[in-house]
Amino acid sequence: MLDEPFDRASIRYAVSWRHPRGALKGLPNLRAIFSLGAGVDHVFVDPALPDKPIVRIVDPDLTERMSEWVVMHALVHLRQLRRYERQQRERVWADDDEQPKAGDVQVGLLGLGVLGKDAAAKLKALGFKVAGFSLTPKSLPGIACFSGADGLKRLLMQTDMLVVLLPLTEDTRGIVNASLLAELRQGGPLGGPILINAGRGGLQVEADILAALDSGILKAASLDVFEREPLPRESRLWTHPAVYVSPHNAAVSSPQAIAAFVAKQIEAYERGESLAHLVDRQRGY
Ligand code: NDP
Ligand code: OXD
């Protein structure tokens, strides 16, 4: 669309998903930029980003889909789905292991924002023990909340299942690396820690995840996001027996829900009301 001629002065709102760098400059009447996702790292990569308010998607449609994905993977690992699929393929009737229950498992969430809080509440409702980590201190009913470097260490040392729902910022890039994985609780009810990441691929160091899986520091992983997307065909993550891969679709909102969200905000802004779900440029999310 951007290579078609258009009247630059007529553009008052931009709606972006990975827009080409520089595409939003030289729009004299631009009032606001909407990210088509909850994440805004794709907006900030533009060095010529106009200094206008940035709004991100916060919508129950997206939030509920994300929690579905997180809960599904928490249960997949708890109930050893891969093992029983293999046994079914091989017609093996074997139930010789003790089955831990959700209440035996400590989940640690990195990110207690809109998505992290909803996932935390739903995991809690299933009986998991839930703790979470955020930039600023929080207090949430029934959820042990941590912040700061020391808080992160304390959360990791008790975590059996690490769920990552952080935004990608300068501070969080590469946070899921060898040293973080080494701090997770070893052993535990699942026989080792599990990693579940639906935040952003840039949060994780995939070579470190593979090394941790190979050495047994990590028992298994569910990854929806990757350093490079689409995940390159040669990546070992595709075939690793302890890894679930999904194509960055943990929470793809319906176009109807997103269009309604953006339209409602523009109408309100045009009436002189404030925009909701503004991004903090300083923090980068
Ligand atoms: P929010 O902005 O609501 O929450 C972000 C959370 O991360 C907050 O709790 C925040 O802390 C915390 N945080 C940010 N930086 C740090 C840091 N340096 N250290 C510790 N905690 C930090 O975002 P959402 O919950 O709406 O979304 C989270 C991310 O999920 C998005 O940015 C996006 O990347 C990803 N996403 C992925 C999708 C997918 O399909 N895979 C779909 C939608 C989103 P505080 O509460 O103190 O601000
Ligand atoms: C988002 C996403 O940020 O889909 O909304 O990744």
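The values are calculated or read from the model by the stated rules, or taken from the named source; none is laboratory data. The structure displayed is predicted, hence computed values, not measured ones. Here Cβ is always computed from backbone atoms with ideal geometry, including for glycine, and neighbour counts include all displayed protein chains.
Restricting attention to segment 187-236, the residues that are closer than 15 Å to Gly174 by Cβ, of a type in the set (Lys, Arg) and surrounded by 18 or more Cβ atoms within 10 Å (Cβ to Cβ) add up to 1. Scanning segment 47-62 for residues that are in a loop (DSSP other than H, G, I, E, B), within 16 Å of ligand 2 (Cβ to nearest atom) and in contact with a strand residue (DSSP E or B) (Cβ under 9 Å, 6 or more places away or on another chain) yields Arg56, Ile57.
Here Leu180, Leu123 are screened, and the one residue that is within 18 Å of the chain's Cα centre (by Cα), at pLDDT 95 or above, aliphatic (A, V, I, L, M) and away from ligand 1 (no atom under 13 Å from the Cβ) is Leu123. Checking each residue in segment 255-285 for being under 20 Å from the mean Cα position of the chain (by Cα) and among the charged types (D, E, K, R) picks out Asp280, Arg281, Arg283.
Here's the yes/no breakdown for (1) assigned to a loop (DSSP other than H, G, I, E, B); (2) of a type in the set (Lys, Arg):
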{"position": "Leu152", "(1), (2)": "no, no"}
{"position": "Glu170", "(1), (2)": "yes, no"}
{"position": "Asp208", "(1), (2)": "no, no"}
{"position": "Arg228", "(1), (2)": "yes, yes"}
{"position": "Leu237", "(1), (2)": "no, no"}
{"position": "Ala251", "(1), (2)": "yes, no"}
{"position": "Val262", "(1), (2)": "no, no"}
{"position": "Gln265", "(1), (2)": "no, no"}
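Of the candidates Pro141, Pro193, Pro137, Pro189, the single residue that is closer than 20 Å to Leu210 by Cβ and over 17 Å from the mean Cα position of the chain (by Cα) is Pro193. The combined condition, being near ligand 1 (Cβ under 10 Å from one of its atoms), crowded, with 24+ Cβ neighbours inside 10 Å and within 24 Å of Glu206 (Cα to Cα), is not fulfilled by Gly108. Please state which one of His77, His42, His19 is buried (at least 17 other Cβ atoms within 10 Å of the Cβ), within 16 Å of ligand 2 (Cβ to nearest atom) and not β-branched (Val, Ile, Thr). Going through His77, His42, His19 in turn, just one is buried (at least 17 other Cβ atoms within 10 Å of the Cβ), within 16 Å of ligand 2 (Cβ to nearest atom) and not β-branched (Val, Ile, Thr): His19.
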